[in-house]
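Trainee: Would you mind keeping the following structure in view while I ask a few things?
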Amino acid sequence: MKTIRKKAQNRSELVSTVVQAYMELFVNMQFNAVSHWLMLELTFAQARALIVLAVRKELTVSQLAKLLGVGNPTASILIQQLVERGLVTRTEDISDRRQTVIRLSDQGAEIGVGRRQQREKQWQGWLSHLSDDDLGALARGLSAIVEVIKKESEKETQQAIHSYVGSEDASTSKTK
């Protein structure tokens with residue numbers, strides 16, 4: 001991987017360097033995470049479901065299925081396996097009793113919290129090797145990319161809502 005020097009680089013080189021650095025970091029982080037999940041004896045699909053639930057807090061089965069890219073029956077089986085292991089809870093949606101809401105159980109959340117604490121300690125160790133200037137630059141850069149991601153995510157959510165509302169309007173007008 002290229003090391004970023006103080007000398008001026010053009011924007012496309014900087015973007016390329018950042019992407020390469022991120023990809024290398026991602027691969028290393030995934031390698032470290034795999035050993036954690038293997039110790040729990042979870043399938044890849046189960047681990048993905050737990051991660052998604054840790055981020056989203058609560059979902060319906062169909063929402064989880066969509067996020068995982070699987071069908072509702074597959075997601076239902078996956079959830080049942082996690083419920084049996086005590087990692088996920090299922091409850092009836094208060095506003096729509098036809099929907100089932102899934103959340104991490106206390107035990108499921110504890111797994112995520114323990115892994116997060118390990119990652120935080122690992123990051124603190126790595127960051128302790130950086131100079132104050134490099135640490136400040138990294139903090140500014142990460143904060144900036146998080147803001148971009150949040151804005152794009154909000155935009156995608158709004159587009160999805162408008163798309164859904166538009167399709168509801170269209171189906172309502174067809175039935176009239």
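The values are calculated or read from the model by the stated rules, or taken from the named source; none is laboratory data. Just so it is clear, the structure is predicted and the values come from calculations on it, not from any experiment. Every residue, glycine among them, receives a Cβ derived from its backbone with ideal geometry; neighbour counts consider all protein chains shown.
Trainee: Taking the range 1-35 as the search range and keeping residues that are of a type in the set (Gly, Ala, Ser) and over 18 Å from LEU130 (Cα atoms), which one is modelled with the lowest pLDDT?
Mentor: First pass over the range 1-35, keeping only residues of a type in the set (Gly, Ala, Ser): 8, 12, 16, 21, 33, 35.
Next cut, over 18 Å from LEU130 (Cα atoms) only: 8, 12, 16, 33, 35.
Numbers: ALA8: 52, SER12: 87, SER16: 90, ALA33: 66, SER35: 65.
Looking at residues that are of a type in the set (Gly, Ala, Ser) and over 18 Å from LEU130 (Cα atoms), I get ALA8.
Trainee: For LYS151, are the conditions met, namely being modelled with pLDDT under 90 and under 29 Å from LEU14 (Cα atoms)?
Mentor: Judged against the criteria, LYS151 is a match.
Trainee: Those residues that are aliphatic (A, V, I, L, M), over 20 Å from the mean Cα position of the chain (by Cα) and surrounded by 12 or more Cβ atoms within 10 Å (Cβ to Cβ), I need them from the range 81-106; list them, please.
Mentor: VAL83 - this is the single residue of the range 81-106 that is aliphatic (A, V, I, L, M), over 20 Å from the mean Cα position of the chain (by Cα) and surrounded by 12 or more Cβ atoms within 10 Å (Cβ to Cβ).
Trainee: For the range 53-80, enumerate the residues that are crowded, with 16+ Cβ neighbours inside 10 Å and closer than 18 Å to ASP106 by Cβ.
Mentor: LEU53, ALA54, LEU59, ILE79
Trainee: Which residues, taken from the range 94-123, are small (Gly, Ala, Ser) and part of a helix (DSSP H, G or I)? Reasoning before the result, please.
Mentor: Quick first cut of the range 94-123, residues small (Gly, Ala, Ser) only: 95, 105, 108-109, 112, 114.
Matches in the range 94-123: GLY108, ALA109, GLY112, GLY114.
Trainee: Let me ask something additional. For ARG48, indicate whether it is surrounded by fewer than 16 Cβ atoms within 10 Å (Cβ to Cβ), among the basic types (Lys, Arg) and either at pLDDT below 90 or in contact with a helix residue (DSSP H, G or I) (Cβ under 6 Å, 6 or more places away or on another chain) (or both).
Mentor: In short, no.
Each row is one residue, and each column tells you yes or no for (1) within 16 Å of the chain's Cα centre (by Cα); (2) within 23 Å of GLN30 (Cβ to Cβ); (3) among the basic types (Lys, Arg).
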position	(1), (2), (3)
GLU110	no, yes, no
ARG116	yes, yes, yes
GLN122	no, yes, no
LEU127	no, yes, no
ASP132	no, no, no
LEU135	no, no, no
LEU138	no, yes, no
GLU147	yes, no, no
GLU154	yes, no, no
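Trainee: Checking the conditions here, which among ALA144, ALA109, ALA137 is surrounded by 13 or more Cβ atoms within 10 Å (Cβ to Cβ) and either touching a Leu at 6+ places or on another chain (Cβ under 6 Å) or more than 25 Å from LEU64 (Cβ to Cβ) (or both)? Working first, answer last.
Mentor: On the way: ALA144 fails: surrounded by 13 or more Cβ atoms within 10 Å (Cβ to Cβ); ALA109 fails: either touching a Leu at 6+ places or on another chain (Cβ under 6 Å) or more than 25 Å from LEU64 (Cβ to Cβ) (or both).
Answer to the check: ALA137.
Trainee: For residues that are touching a Lys or Arg at 6+ places or on another chain (Cβ under 9 Å) and more than 16 Å from THR43 (Cα to Cα), tally how many sit in the range 73-91.
Mentor: Selection size over the range 73-91: 3.
Trainee: Confirm whether THR91 is part of a helix (DSSP H, G or I) and among the hydroxyl-bearing types (Ser, Thr, Tyr).
Mentor: no
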